[in-house]
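Working notes for the structure below.
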Amino acid sequence: MQIQKVLFHKGKCFYVRDLDRDFHTQFGFIKKEDLRKSKETVKSNTDREFYIFIPSFIDSYKKIKRVPQIIPLKDIAAIVAETGINKASVVVDAGAGSGALACFLANICKRVITYEIRKDFVEVVKKNKEDLNLKNLTIKNKDIYEKIDEKNIDLITLDLPEPWKVIKNTDGALKIGGFLVSYSPTIPQVGDFINEINKNDNFHHIKTIEIIEREWDIEGRKLRPKSQPIGHSGFISFVRKIK
Ligand code: SAH
């Protein structure tokens, strides 16, 4: 079920999916009649005031169902920025996993086609697609190592155990000037993928990067990095089809 309303109270955020039921929080419950109204604030039965608004894409996105490890926003941001994809772009993505990357890209691109070999994960992506109300996302229960059906693609994104097995299938699928981006958690995968790319004159390896995000505490004069380890997510390799 899609998120219908976002509530804020004392720095805490709540997501309401069902407007036909009262919404319960540790600060009391809000009546369904109040949830449906287009007001800026609503009160709980214990007289606590909540700010209320319509969710935007990112509110719903952050609540999607997750099965395997999803790609973090910092890494999606790099893919979007480095490839310059936009509302005219057509993207092929694999493996879909929970569909996190595919859904995010579908929200900004013309069309996204995502491949996933596991039927149970395909069902999760279908649910996420519905919750995010994305009409331009096609989910294929297919092995991308076998074949890519589409032609004239602007961007192919890979988050797969053996991304090098896809290189042969990009012929005819990825347009000249198009991007191939591979996301891998370990460096041996990056090595095998880029060494294979470098043997092929059709491609140019632009760069491989790791995005490190460090969050800060900003509270009065306590201004310093959060006391938490910097987590590793994955390496992103950017490749361009040049001929
Ligand atoms: N980027 C995804 C997570 C991908 S996890 C996200 O943001 O949600 C990797 C997925 O690739 C797994 O679900 C796995 O089942 C799928 N996969 C592995 N090999 C595949 C193949 N040959 N073709 C299609 N999907 C594959």
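Placing R0 at 25 angstrom, the Cβ-Cβ distance between E196 and Y15 gives a FRET efficiency of 0.05 after rounding to 0.05. Relative to the longest principal axis of the C-alpha atoms of the chain, give the angle of the C-alpha long axis of helix 73-83, reported between 0 and 90° and rounded to the nearest 10°. For helix 73-83, the angle is close to 50 degrees.
Straight-distance candidates among the lysines for linking to K168, with alpha-carbon spacing under 21 Å and chain neighbours fewer than 8 residues away dropped: K140, K142, K147, K151, K199, K207, K241, K243. Restricting the calculation to Cα atoms, the stretch 60-241 yields a radius of gyration followed by a Dmax of 16.8, 57 Å. Any chance you could give the angle, 0 to 90 degrees and rounded to 10, that helix 119-131 forms with the longest Cα principal axis of the chain? Computed tilt is about 50 degrees. 3J(HN,Hα) along the stretch 190-198, derived from phi through the Karplus expression 6.51 cos²θ - 1.76 cosθ + 1.60 where θ = phi - 60°, amounts to 5, x, 5, 5, 6, 4, 5, 4, 5 Hz, with x in place of Gly and Pro. With a simple spin-label model that places each label point 7 Å from the Cα along the Cα-to-Cβ direction, the separation between K126 and T46 comes to 4.1 nm.
Here the peptides 231-240, 105-114, 118-127 are ranked by packing, the mean other Cβ count within 10 Å, and the order with the highest first is 105-114, 231-240, 118-127.
If you plug the beta carbon distance of A77 and K168 into 1/(1 + (r/R0)^6) with R0 = 35 Å, you get a FRET efficiency near 0.75. The gain in end-to-end length when the E33 to I212 segment is fully stretched comes to 60.0 nm, 0.36 nm per residue minus the alpha carbon separation. Every pair of different Cα atoms in the stretch 4-55 enters the Kirkwood calculation, which places the hydrodynamic radius at 10.6 Å.
GNM remark for the chain: springs join alpha carbons under 10 Å apart, and the peak mean-square fluctuation among K135, K168, K222 falls on K222. What residues from the stretch 131-157 fall in the zone where the backbone N is under 18 Å from a label point 7 Å along the Cα-to-C-beta line of Q4? So the set is 131-133.
Can you tell me which of 171-180, 45-54 comes out highest on packing, and rank the rest after it, using the mean Cβ neighbours within 10 Å?
Result, highest mean Cβ count within 10 Å first: 171-180, 45-54.
Coordinate-derived values only; no laboratory data. The structure displayed is predicted, hence computed values, not measured ones. Glycine also receives a Cβ, built like all others from the backbone with ideal geometry; neighbour counts cover every protein chain displayed.
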